[in-house]
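Encoded as structure tokens, the structure appears first; notes follow it.
Just so it is clear, none of the values below were taken in a lab; they were calculated from the coordinates. Since the structure is predicted, the reported quantities are computational estimates derived from the model, not experimental observations. Every residue, glycine among them, receives a Cβ derived from its backbone with ideal geometry; neighbour counts consider all protein chains shown.
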Amino acid sequence: MKEAFTLTHLTKHLWINGQWKETKAYYELHAPYDQKLIAKVAKATPSHVKEAMDGAHTAASIMRAMPAFERAGILAKVALLLQDRREELAKLCATEAGKPIRAARAEIDRTVTTYQFAAEEAKRIYGETIPMDAAPGGSNRLGMTWREPLGIVVAITPFNFPFNLVAHKLGPAFAAGNTVVLKPANQTPLSALAIAELFHEAGLPAGALQVLTGSGRELSDELLRDERVRKVTFTGSPEVGKAIKAKAGLRKVTLELGSNSALIVEPDTNIPNLIERCVEGAFSYAGQVCISLQRIYVHEQVYEAFCELFITQTAKLRVGNPLEEQTDISAMIHADELERIEAWVQEAVAQGARIGYGGQRDGSTWEPTVLLNVTPDMNVSCKETFAPVVSIVKYRDLDEAIALTNNSAFGLNIGIYTNNIDRAFYAARALEAGAVIINDIPTFRLDHMPYGGVKDSGYGREGVKYAVEEMTELKFVSIRLNT
């Protein structure tokens, strides 16, 4: 089983009904950093989607009948297998996603935690009793609720956290007793296929997890057309998310669609103590994180000091090969993304922004870039950069900072640093976001906290417990007593 993870096995098939499924067409998968050929990966067709759906439908009755302790045991076993194979899976992640190896190890560790949380949640899917006699006509009746699995869940995942974001789909789905048809990102299929093998080894019934690789554009309509699909959970762009929601009809949908996350820095904060954390939030994984720190609003009293320290810390970052231990920033996922961010930075400079640091492309990487004098209408501010580019903007008072922060189509995570608890909670109530992180960067996330946004940042919530709720249906049962 371990041998299948090695990059010497260059042909990867579909995973359907607990077996490898060969296809007629395969595409070449190249490493983002050096364009080395990693694998040839199967391209699914509509007929494969139909086969996967049939298998998932059959397995749904098995998963629905499976006791909670067995579902929990499978999830816990996957967590243990991940721990055992941490280093090889981290290297796999670093290679196919271009993620620095230290960050890849951290992702595997988080993925272990996510599946552990899912195992725990499988055993505490509670209902409640309803006081029926609280209403006239309810005397001599009992009322209760419980949660039931939905059935087939379609999960569509992005490249940037190929293990942990998959875990946030699979873990809650299996904890609740569902089956999953998974479509991973084109650039990171190997991690999804590796996880499929781990679930197979852990005892997941055949058909409960199907992995279809290939073009999302070619498969998305087929995935959504099947009426047996009861929920779609998607992480990706707002454009695709809106299209999915329009096609989903009455089925449940969870959409995590990105952001241009902001941080407010109040003048009462100890600036030197937060610089390293802010740099980490802006440039981790080359900024290719939905809650990457993109906009920093700094009070005019501490603006100059903040900028100087931030740029000094940024200059210490090392750009290079993701498999080298000292690398902080590596390749962007695709050449098209490099061209896009280069155009946006050049456009911002032409419109009056100033480069405080960086701003250069080097092969497959983009230098960590600090922009000053940025205005809200520039693409680097009002859109999602998804790149190692951050803007630092001066403000006069907290209300102005809140207004600047809210002047966005997005609202995922927002951070504020302040030592004044009243101002912290004033901001928390006024900021338009799914989460407000006080005295830390908006990039902060733990895998059991509710996670999701407002506005164009999405719909619904992840975080294992909350995802389980969204992957179940609430049923009410009433009994009339003969007393």
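If one computes the Cα centroid of the range 402-417 and of the range 189-240, what distance in Å separates the two points?
Cα centroid of the range 402-417 versus Cα centroid of the range 189-240: 32 Å apart.
Per Stokes-Einstein, at 10 °C and 1.306 mPa s, what whole-number D in µm² s⁻¹ belongs to the range 361-442, with the Kirkwood radius over Cα pairs as the hydrodynamic radius? Walk me through the intermediate numbers first.
On the way: Rh = 14.1 Å.
Diffusion coefficient, whole number: 113 µm²/s.
How much length is gained on full extension from THR312 to ASN406, taking 0.36 nm per residue of separation minus their Cα-Cα distance? Present the calculation step by step, with values, prior to reporting the outcome.
Values: separation 94, 0.36 × 94 = 33.84 nm, distance 2.89 nm.
Difference between extended and current length: 31.0 nm.
If Lys and Arg each add +1 and Asp and Glu each add -1, what is the summed charge of the other residues whose beta carbon sits under 12 Å from the beta carbon of ASP54? Numbers along the way, then the final one.
Details: positive: LYS50, ARG228; negative: GLU51, ASP226.
Taking every other residue near ASP54 into account, the sum is 0.
Out of every Cα-Cα pair in the chain, what percent are more than 28 Å apart? Present the calculation step by step, with values, prior to reporting the outcome.
On the way: 62925 of 116403 pairs.
Here the tail beyond 28 Å accounts for 54 percent of pairs.
Angle between the Cα long axis of helix 46-65 and the longest principal axis of the chain, 0 to 90 degrees, nearest 10?
60
How much of the DSSP beta bridge set in the chain is antiparallel, as a percent to the nearest 5?
Working: 30 of 72 bridges.
Close to 40 percent.
Take every DSSP beta bridge with both residues inside the range 262-447 and express the antiparallel ones as a percent of the total, to the nearest 5. Intermediate values should be presented prior to the final figure.
Details: 5 of 27 bridges.
For the range 262-447, the DSSP antiparallel bridge percentage is about 20.
For HIS334 and LYS247, FRET efficiency with R0 = 25 Å and r from the beta-carbon atoms, rounded to 0.05? Present the calculation step by step, with values, prior to reporting the outcome.
Numbers: r = 26 Å, r/R0 = 1.03.
Once rounded, the FRET efficiency stands at 0.45.
Out of every Cα-Cα pair in the range 262-447, what percent are more than 21 Å apart?
Values: 7855 of 17205 pairs.
For the range 262-447, the fraction of Cα-Cα distances above 21 Å is 46 percent.
Can you sort MET132, MET471, MET378, MET144 so the residue with the fewest Cβ neighbours within 10 Å comes first?
Values: MET132 18, MET471 26, MET378 21, MET144 14.
Exposure proxy ranking, most exposed first: MET144, MET132, MET378, MET471.
Measuring from a point 7 Å past the Cα of LEU474 along Cα-to-C-beta, which residues in the range 224-264 have an amide N at less than 17 Å?
Taking a point 7 Å out along Cα→Cβ of LEU474, the residues of the range 224-264 whose backbone N falls under 17 Å are 252-253.
Which whole-Hz couplings ³J(HN,Hα) result when phi for each residue of the range 382-388 is put into the Karplus expression 6.51 cos²θ - 1.76 cosθ + 1.60, θ = phi - 60°, listed in order with x for Gly and Pro?
Ordered by residue, 3J(HN,Hα) equals 8, 10, 8, 6, 6, 7, x Hz.
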